[in-house]
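Some notes on the structure that comes next.
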Amino acid sequence: LKAFFGFCVREGLLSTSPFAKIIMPKIDKKLPTVLSDQEIAALLRACRTPRETAVFMLLLDTGLRAAECTRLDWGHFESATGRVLVIKGKQRKDRVVFVGAETRKALVKLRVKQRKPGPEVPIFRSERAGERLTVNGLEQLLRRIGKRADVKCAPHLLRRTFATRSLRAGMDIYT
């Protein structure tokens, strides 16, 4: 009602709003949810294939956006160092992220399963068509893992979990 009467005043239909002196109550802001250690373990156990394990671990270990993850090719990943080159991230900027030893192992296992593909082959491909995995396909994959573990799982939830865990571990907020 307050917004409607404010509109009426702006349009010249009323001289003053009967709600002008009413103060709206403040609504508490909820902190974004993050995954607990138990939920992460349950989701990891729910991964059935090397692709599911690698996707889950990569997103949790790097905080990549869904679109950045789906654009990765094997040439962007260095298994010896764990260096991952993210091409055209937000605002079309390139950047480098690093993955830990367990994520490296998961990615190498996936690479072996794919019969050591070339550098321009997408890391994550759809199971049926073999084409590059889409953002929607990635979201569906994570939802399926979450359903098996009875835990909500989405790309941005993994991104928030990565950021929160990194800050709690002492990472600089600007990094």
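Below, the figures for the structure above:
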quantity: Residue in the range 71-88 that is farther than 22 Å from residue 143 by Cβ, open to solvent by less than 10 Å² (accessible area, probe 1.4 Å) and small (Gly, Ala, Ser) present; calculated: yes
quantity: Pairs, first within 12 Å of residue 60 (Cβ to Cβ) in the range 152-175, second open to solvent by less than 40 Å² (accessible area, probe 1.4 Å) and in a loop (DSSP other than H, G, I, E, B), C-beta under 7 Å, six or more apart; calculated: 157/35; 159/63; 161/35; 162/63; 163/63
quantity: Matching option when the condition is in contact with a helix residue (DSSP H, G or I) (Cβ under 9 Å, 6 or more places away or on another chain) and farther than 26 Å from residue 149 by Cβ, among 117, 32; calculated: 117
quantity: Of residues in the range 115-139 being in a loop (DSSP other than H, G, I, E, B) and polar (S, T, N, Q), the one most open to solvent (accessible area, probe 1.4 Å); calculated: 134
quantity: Residues of the range 1-41 satisfying the condition of being under 30 Å from residue 112 (Cβ atoms), open to solvent by less than 90 Å² (accessible area, probe 1.4 Å) and out of contact with any Leu (no Cβ under 9 Å at 6 or more places or on another chain); calculated: 39, 41
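Okay, residues lined up against (1) closer than 21 Å to residue 84 by Cβ; (2) open to solvent by less than 80 Å² (accessible area, probe 1.4 Å); (3) of a type in the set (A, V, I, L, M, F, W, C):
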residue: 113; (1), (2), (3): yes, no, no
residue: 141; (1), (2), (3): yes, yes, yes
residue: 152; (1), (2), (3): no, no, no
residue: 156; (1), (2), (3): yes, no, no
residue: 165; (1), (2), (3): yes, no, no
residue: 170; (1), (2), (3): no, yes, no
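The values are calculated or read from the model by the stated rules, or taken from the named source; none is laboratory data. Everything quoted here is computed from the prediction, not taken from an experiment. Reconstructed Cβ throughout: ideal geometry from the backbone, glycine too, with neighbour counts over all protein chains shown. The area values use the complete protein model at the heavy-atom level, side chains included, leaving out ligands, DNA and RNA. Shrake-Rupley method; radii C 1.70, N 1.55, O 1.52, S 1.80 Å.
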